[in-house]
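Notes to accompany the following structure.
Rule-based calculations on the coordinates, nothing more; no lab input. Keep in mind that what you see is a predicted model, and the values were worked out from it rather than measured. Quick reminder, even Gly has a Cβ in these numbers, built from the backbone with ideal geometry, and neighbours come from all protein chains shown.
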Amino acid sequence: MSNQTALQVDRTLPILETVNLVKEFRGFVAVDGVNLKIRRGHIHALIGPNGAGKTTCFNLLTKFLKPTRGAIRYNGIDITGEPPQKIARMRMVRSFQISAVFPHMTVLENVRVALQRSLGTSFHFWKHESSLNRLNERAMELLASVGLEDYSRMTAVEMPYGRKRALEIATTLALDPELMLLDEPTQGMGHEDVDRVMQLIKKVSANRTILMVEHNMKVVSGICDAITVLARGSILAEGDYATVSANPAVIEAYMGSETTELASPGGH
C-alpha cells in the first residue's frame, strides 16, 4: 500500500473517481458514461428520480457489479477489477439500504464482531468469548460516537429503527473507513430519526469522506457539500444544493411533488 499512502498525502486528488463508467444489462444502458469526482473530506450525495441509475452506480463503485466499460479509481489506484473484500480492506466501506445488524446479538456484540473483522480474527470460532473482551473499550468508544453507549446491553432487535441505523454506522466505523458509502441512510424514518441520523452523519464525516445515495432533500440540502444528479443513467447536473436545485433540467427531471420537495426541502 506504499503507493496509496504516498497518494493520500496529495489532498488535491479526488479520493474516488470514475472515467466513462458504463453498465449495460442485455442492451439496456443503466449507467451511461458517468464521470464522478469525489473530493476528500466532502459529504457527496448521489440523487435522481426513480430509475436514474443511482443504485446501479453505487453497486459498480462498491464492486457488487462489474462495469461494461470504464474505470474506477480510488486514491489514484485503478480498482475496476478488484473484488469487494479487497476494496473494503483499502478502507472503502459500504453500508446498505436495509439495516444489516445481527438482530439477536447485543449492541455491543454487534460492534465487537465488526472490530473482529478489522483484526482479521472473524473465523477464530474456537476461541472463548472472553477473548473478545479486549475489544470492549474500543467498541464502547464507537457506540459513544453514535450516541448508543447507554444501549450497549440491549438486543439489537429491540431497538427503534433509527437507532439500528446508528448501530450500523458504528459497525461501519469499526472498519476504520477512509471513504464511507451510505445507501439511503434515512429511508423509512420519521422526522426525529432523520434529524438524529443527519447530525450523526455530519459528526462522523470528520476526517473522512462520505458518498451517499439519498432521496430525502432535507438531508441533502442540510449536510451535503456536493451533489451529483443522475437521470436516465447519465449525469444531469453537479454542484452544491443551491446550484442543482435551481437547474431547470433537474426540476424537469423530478417533476410533480418531487419538484416542490427539491425546491423547498423541509423548510431549509
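Net charge near residue 194: determine it from the other residues with C-beta under 11 Å of the C-beta of residue 194, scoring Lys and Arg +1 and Asp and Glu -1. That works out to -1.
Here the Karplus curve 6.51 cos²θ - 1.76 cosθ + 1.60, taken at θ = phi - 60°, turns the phi angles of the range 208-213 into couplings of 8, 10, 10, 10, 9, 8 Hz, with x standing for Gly and Pro. Sorting 218, 23 from the fewest to the most surrounding beta carbons within 10 angstrom yields 218, 23.
When 44, 191, 215 are sorted by how many other C-beta atoms sit within 10 angstrom of their C-beta, beginning with the fewest, the order is 191, 215, 44. Straight-line reach from residue 66: taking Cα to Cα under 24 Å and skipping same-chain neighbours fewer than 8 places apart, the lysines in range are 23, 37, 54, 86.
A cut-off of 5 Å between modelled amide H atoms, ignoring neighbours fewer than 5 places along the same chain, links residue 102 with no other residue. Between the amide H of residue 16 and those of 38, 75, distances stay under 5 Å, these residues lying 5 or more places away or on another chain, with hydrogens modeled in the peptide plane.
Which peptide among 199-207, 68-76 comes first, and what is the full order, when sorted by highest mean count of other Cβ atoms within 10 Å?
Order by mean packing, descending: 68-76, 199-207.
Using the Karplus relation 6.51 cos²θ - 1.76 cosθ + 1.60 with θ = phi - 60°, the per-residue 3J(HN,Hα) values for the range 193-203 come to 5, 4, 4, 5, 5, 4, 5, 5, 4, 4, 5 Hz, with x marking Gly and Pro. Count Lys and Arg as plus one, Asp and Glu as minus one, and take only other residues whose Cβ is under 13 Å from that of residue 90; the net charge is then +2.
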